[in-house]
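Engineer: One structure is given below, represented as structure tokens, and several questions about it will come after.
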Amino acid sequence: MSAIHKKDVILLHGLFGSLSNWSTVINQFSINYNVFAPKLPLFSRTMRRNSLTQLVKYLENYIEENKIIKPILIGNSLGGHIAILYALKNPHKFEKLVLAGSSGLFENTLNASFVRVKDYNYIKSKVEEVFQTKEVITKELIDDVYSTANNPLKALSLIAIARDAKRQNLKEDLHKINQPVLLVWGKQDIVTPPEVAEEFYFHLPNAKLEFIDNCGHVPMMEQPKLFNQYLNQFLAI
């Protein structure tokens, strides 16, 4: 008897995110799913024009190289935006979407942070704004953002991607996504506020929306137990 193939899940981090953002998801879901967490090439020298198109192409190549079959795409912030673009371009090549604080309609970015890149406390305050649950903010996280902001090539890449994301409003195309979509949103998200989640819900034909209280822009880090609970229920259907 052949072994049952586990479903493939791809985790897509945000613009200032990292793979560690997904640690609790990876720990819980790796038992029953094939979990993939690619490191998006945000700092490529070519990541200046049509940045999101390049990131979608990277995801397509990654799926092909890893022989991933009809994945469930789970994206936070920019990662959600990439997941939506992939879904629109490849409507029959994925099973479900999970979007957490996704861009693609509206977002407040950290672009202003790059004006005062040498001011560590300013960068720290901008990072803290993203999270409602402050205890998940580590010095390592702040140091990483500070280091990125002070690296001219990295900073230019991120600004280009953020601008590209802001230019793309996907509202008119969301109705084309007929697969199930789970929206998990922090009630205190100031980057993609709750009304953005409601607009996604309105335009996606097969969506479910879950709000999480005491939670900002990164629910899988800020409220991991509740996030995983909603995710588990959605994946089990």
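The values are calculated or read from the model by the stated rules, or taken from the named source; none is laboratory data. Since the model is a prediction, treat every value here as computed from it, not as a measurement. Every residue, glycine among them, receives a Cβ derived from its backbone with ideal geometry; neighbour counts consider all protein chains shown. Protein only, heavy atoms only, side chains kept; ligands, DNA and RNA dropped before computing areas. Shrake-Rupley method; radii C 1.70, N 1.55, O 1.52, S 1.80 Å.
Engineer: Identify the residue in segment 155-174 that is closer than 28 Å to residue 213 by Cα and open to solvent by 60 Å² or more (accessible area, probe 1.4 Å) and, among all such residues, is modelled with the highest pLDDT. Full working, then the answer.
Structural biologist: Pass one, segment 155-174, residues closer than 28 Å to residue 213 by Cα: 162, 165-166, 169-171, 174.
Filter again for open to solvent by 60 Å² or more (accessible area, probe 1.4 Å), leaving 166, 169, 171.
On the way: 166: 86, 169: 92, 171: 95.
Checked segment 155-174; the qualifying residue modelled with the highest pLDDT is 171.
Engineer: Of these, 9, 35, which one is assigned to a strand (DSSP E or B), open to solvent by 10 Å² or more (accessible area, probe 1.4 Å) and either touching a Gly at 6+ places or on another chain (Cβ under 6 Å) or more than 27 Å from residue 160 (Cβ to Cβ) (or both)? Before the answer, list the steps.
Structural biologist: On the way: 9 fails: open to solvent by 10 Å² or more (accessible area, probe 1.4 Å).
Step by step, each of 9, 35 is checked, and only 35 is assigned to a strand (DSSP E or B), open to solvent by 10 Å² or more (accessible area, probe 1.4 Å) and either touching a Gly at 6+ places or on another chain (Cβ under 6 Å) or more than 27 Å from residue 160 (Cβ to Cβ) (or both).
Engineer: Regarding segment 52-71, can at least one residue be identified that is in contact with a helix residue (DSSP H, G or I) (Cβ under 6 Å, 6 or more places away or on another chain), of a type outside the set (Val, Ile, Thr), within 12 Å of residue 9 (Cα to Cα) and not in a helix (DSSP H, G or I)? Break it down stepwise before answering.
Structural biologist: Filtering segment 52-71 down to residues in contact with a helix residue (DSSP H, G or I) (Cβ under 6 Å, 6 or more places away or on another chain) leaves 52, 55-56, 59.
Subset that is of a type outside the set (Val, Ile, Thr): 52, 55, 59.
Filter again for within 12 Å of residue 9 (Cα to Cα), leaving none.
Within segment 52-71, not a single residue is in contact with a helix residue (DSSP H, G or I) (Cβ under 6 Å, 6 or more places away or on another chain), of a type outside the set (Val, Ile, Thr), within 12 Å of residue 9 (Cα to Cα) and not in a helix (DSSP H, G or I).
Engineer: Could you check residue 208 against (1) closer than 22 Å to residue 108 by Cα; (2) outside any helix (DSSP H, G or I) and say which number it fails?
Structural biologist: (1)
Engineer: If residue 186 satisfies every condition in (1) within 22 Å of residue 21 (Cβ to Cβ); (2) surrounded by fewer than 18 Cβ atoms within 10 Å (Cβ to Cβ); (3) touching a His at 6+ places or on another chain (Cβ under 9 Å) but one, which is the exception?
Structural biologist: Status for residue 186: all satisfied but (2).
Engineer: So which residues in segment 12-30 are modelled with pLDDT under 95, open to solvent by 40 Å² or more (accessible area, probe 1.4 Å) and assigned to a loop (DSSP other than H, G, I, E, B)?
Structural biologist: Result: 16, single match.
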